[in-house]
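Structure first, commentary second.
The values are calculated or read from the model by the stated rules, or taken from the named source; none is laboratory data. No experiment lies behind these values; they were computed from the predicted model shown. Cβ coordinates were reconstructed from backbone atoms using ideal geometry, including for glycine residues, and neighbour counts include every protein chain displayed. What goes into the accessible areas is simple: the full protein's heavy atoms, side chains included, and nothing from ligands, DNA or RNA. Shrake-Rupley method; radii C 1.70, N 1.55, O 1.52, S 1.80 Å.
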Amino acid sequence: MTPRPSGDPDIGERIRARRQLRGWSVRFAASRAGISHATWSRIERGRQAADNRFTLADIAAALDCAPAELTGVAVPAADRDVVAAHAYVHAIRQALVDVDLTEPAVPSSTPVTELARTITLVDTLRQACDYAGAARLIPALLRDLHAAAAGPQRQTAVRLLCDVTFIASSVLRNLGRPADAWLGAERCRDAAAASGDPALLGYAAYARACAATGCGSYQRGLTLAERAVDELRAHPGRAGVTEVLGSLLLICALACRGSGRPDDSRAWSAEAAELAAHTGETSTMGLYFGPTNVSIWRIGIEADGGDPDLAAAIAGGTDPAALPVGFRQVFYYADTARALARLRGRDREAIRFLLTAERLAPQHVHTSALTRETTRTLLDRSNRSAGGTELRGLAERLQVTA
């Protein structure tokens, strides 16, 4: 096997280093995580893919760290857009710290109508997974909206600020910065509270629940989402409430599975599917709640929840093209690839799905630690007839070695 450069440790190496730092045996560490010592050992040695977010969260909790500390932040030097996206993270974080609605803002002369047009552009970039393009515009937009919220158009400005902080949280989470995503979600909550709109409060709760689960805090994410579901049920018929409610049901399903409650998870998914059958495909608030998105969420949950056969079956009956946005389609292809890579004889399909995901959203794929792990595992198993030059090319672009 070709050794990985010492400056770029893989997930298994990071896990081993943290365990050894504490002086723990594999058996003791695995018992803290609630997994078998054989599974822990295989992950440490790179013999089992560390591309299951629920297992990673359990291991991180056992080692008293965040999952992101085990996965690292993937920044392939060859992808200049990904490098640029990460270069803007500090500016976004600093702007989020500064835009406190309880504090005075630096005056801005930019009209609110112009800021609204810029937000439309930023969200279009996010939905296309152009994180570099979106990240470049977010810091100034946050500050301008903060200033506008102190003026005569406060209500319009705080609603727009809710949108931008939500987008900022989403971009940061997908760049592998879950703690920064939590800060964005907190600012989204502040703006939603200032608006007093129940749909925006649910929208912000969804952002917070997503950020919490991104940090591996599944119980916290579930608590936030369940509370918001109960609150939204009191506002039936209000614009945006149904679609936000459906999205919250999905994050409840994910958080339940991450908390080790598969039956509850499937109950939440079933409720979301029933609601989606009523709404049909929607684009409200950029959430794209509907039957297709419910299926995409279920694929990811089952892939991580230990039933890759079911994940692959759901994928077989789902047409991702029903959603006209890359930021949901890429999850369909990447999560299905992870499921297929765990099934015997499905490596060729997994590779094809990974390559499709990369064509759709290269910045997303090149930043995804889970995709890197799946690719590494496929590369380990491959030979010329199975993997071929396409898999090796993908591994090179992700800077992954066997």
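Set side by side, the residues A255, A277, A239 differ, and just one is open to solvent by 50 Å² or more (accessible area, probe 1.4 Å) and part of a helix (DSSP H, G or I), which is A277. All of (1) touching a residue at least 24 places away in the same chain (Cβ under 8 Å); (2) open to solvent by 10 Å² or more (accessible area, probe 1.4 Å) hold for L145 with one exception: (2).
Name the single residue, out of those in segment 286-306 being buried (at least 17 other Cβ atoms within 10 Å of the Cβ) and not in a helix (DSSP H, G or I), that is nearest to the chain's Cα centre (by Cα). Going through the qualifying residues, I end up with L287.
Residue-wise test of (1) assigned to a loop (DSSP other than H, G, I, E, B); (2) among the polar types (S, T, N, Q).
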residue: T318; (1), (2): yes, yes
residue: F327; (1), (2): no, no
residue: V330; (1), (2): no, no
residue: D335; (1), (2): no, no
residue: L340; (1), (2): no, no
residue: L343; (1), (2): yes, no
residue: T356; (1), (2): no, yes
residue: V365; (1), (2): no, no
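Say whether the condition of being loosely packed, with under 14 Cβ neighbours inside 10 Å and modelled with pLDDT of 90 or more is met by at least one residue in segment 36-58. Looking for residues that are loosely packed, with under 14 Cβ neighbours inside 10 Å and modelled with pLDDT of 90 or more, one finds at least one in segment 36-58, hence yes. For the residues A205, A209, the requirement of being assigned to a helix (DSSP H, G or I), of a type in the set (G, A, S) and under 12 Å from the mean Cα position of the chain (by Cα) singles out A209. Out of A105, A61, I need the residue that is within 21 Å of the chain's Cα centre (by Cα) and more than 14 Å from V164 (Cα to Cα). Which one? Checking each option against the conditions leaves just A61. One residue alone among V75, V89, V112 is open to solvent by 30 Å² or more (accessible area, probe 1.4 Å) and either farther than 29 Å from S382 by Cβ or touching a His at 6+ places or on another chain (Cβ under 8 Å) (or both), and that residue is V75.
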